[in-house]
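Just below is one structure, and these are the notes that go with it.
The values are calculated or read from the model by the stated rules, or taken from the named source; none is laboratory data. Since the structure is predicted, the reported quantities are computational estimates derived from the model, not experimental observations. Positions of Cβ are generated from backbone atoms using ideal geometry, with glycine treated the same way; all protein chains shown enter the neighbour counts.
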Amino acid sequence: MRISPLIVFGLLVSSLSSAAAAQMSEAEMSEALDRIGDLLGLPPVSPDELKQRVADIGKISFQKDVPVNFMSRDELARYIRDLFDEEYPLDYAEREERMLRGFGLLTEGQDLRATREKVLGENVAGFYDERPGVKKLFAISSGQSLNLMNQLVLSHELRHAIQDQHVVIREKLQVQSDYDDRRLAALCLLEGDASILMEQYLSSGATSNQPEVANLFKVFSQSLTGEEIAAMFAAGPSLRTAPPVVQEQLIAPYFDGRNLAAAIFAKGGFALLNQKLERPPRSMEQVLHPEKYLDLGDEPVEVSLPEVGRAKPSFEGTLGEFLIRVLLRAGPAGLAPKGEAAADAAAAAAGWGGDRYAVLESGGGSYRLVWRSVWDSEADAREFRNVLKAYTEARFPGENNALTLSGQEVFFERPRFR
């Protein structure tokens, strides 16, 4: 399940529009965006012109035509509901929610599926539906003019359509869970690549305004939490109040993914980006540290869990460096702290080599979490173990959890939770 939220486009709207835009009617906003488009050398275009520009900028052609569709926000809500029924059934969502609750990333009573549905309904500006037999592209707009906003939305999504025609998005994402390291890493390249295309599209008409256009994207290189980004871009209330893990999973592909794609683009332009789409990063470590993807070939260590052979797994996967950061900075209250705590979490997650977790059924409606991680050095493992110990003692007070350090390995077990 892959739908693009508004985060990337919220930046552009807040940057290109005045503070009074929030008081404008939709017609006034459309007119204002048309004026901005004229100033930037991007007046309304036809769908065919837009597709050709996207293909030319990205140095790769469409293999077949992709119709441009429009839908209202009410239609989007129905579409997402149907999509969730097919792609994110209740049983799977409950098992994924239980896993996040086992780590302390969600608390009792937080409904993951309902939260994600609300977040997408409020914040999606456009999306490409890559499901077999669908392959359709949509902009969420009451009008069907390709003004500046719709050009930016659709240039991003048309790039996804080209990606899908050449490398098949579903095959690159592989793992089903959006909260798995490998899937998130591949998604970061796909979204980052489309974001670079959108930036280049915006710059393509702005020959006399290049510095101003470049300034629009400076925020992407800043180290901000999902909570800070959602507030900065005036995202919908469901995203601003969502658990940090939900915020970060939605936002990382645009910010961390964009930074990875920018590093690739700086090294070899779209020729290299097109090549890398064939073999996306295999871990968020490679996304967060582009040199490990581009130059060092630092591959994740495969970690096994002997415990899985003795019990039925309800859910299993890999957290990886990024989600470990999110975990360690979530804090005992489940809120992302600022400053030193976030820096400590990033430092403790660095040096990650590989990990594997499983949620195992214990009977009687209870479960246990087992998690084994491998680190680049004993010092890295020890640092992670110390920060994880502080986190688990604060997050799960009074529980008889196991946390052991052995050389470069750290093992954690939460023996009972619901």
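Values as computed for the structure displayed
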item	result
From GLU96, GLU108, GLU117, residue being buried (at least 20 other Cβ atoms within 10 Å of the Cβ) and within 30 Å of TRP371 (Cβ to Cβ)	GLU96
Test: residue in the range 135-147 that is in a helix (DSSP H, G or I) and farther than 16 Å from ALA242 by Cα	no
Selection status of GLN286, assigned to a helix (DSSP H, G or I) and within 25 Å of TRP375 (Cβ to Cβ)	yes
Within the range 363-395, tally of residues that are assigned to a loop (DSSP other than H, G, I, E, B) and either of a type in the set (A, V, I, L, M) or surrounded by 15 or more Cβ atoms within 10 Å (Cβ to Cβ) (or both)	1
Near pairs, Cβ below 6 angstrom, 6+ apart or cross-chain, from the range 168-188 (farther than 19 Å from ILE251 by Cβ) to any residue that is among the basic types (Lys, Arg)	VAL175/ARG182; VAL175/ARG183
Some residue of the range 319-327 being more than 25 Å from ALA350 (Cβ to Cβ) and not in a loop (DSSP other than H, G, I, E, B)	no
Conditions (1) within 26 Å of LEU323 (Cα to Cα); (2) crowded, with 21+ Cβ neighbours inside 10 Å: number failed by ILE162	(1)
Unmet criterion (only one of (1) farther than 16 Å from GLU130 by Cα; (2) surrounded by fewer than 17 Cβ atoms within 10 Å (Cβ to Cβ)) for ASN69	(1)
The listed residue being surrounded by 21 or more Cβ atoms within 10 Å (Cβ to Cβ), within 19 Å of ALA194 (Cβ to Cβ) and in the same structural domain as GLN247 (by TED's automatic domain parsing), out of ASN147, ASN123	ASN123
Selection status of ALA347, without any contact (Cβ under 8 Å) to a residue 12 or more places away in the chain and either loosely packed, with under 15 Cβ neighbours inside 10 Å or in a helix (DSSP H, G or I) (or both)	no
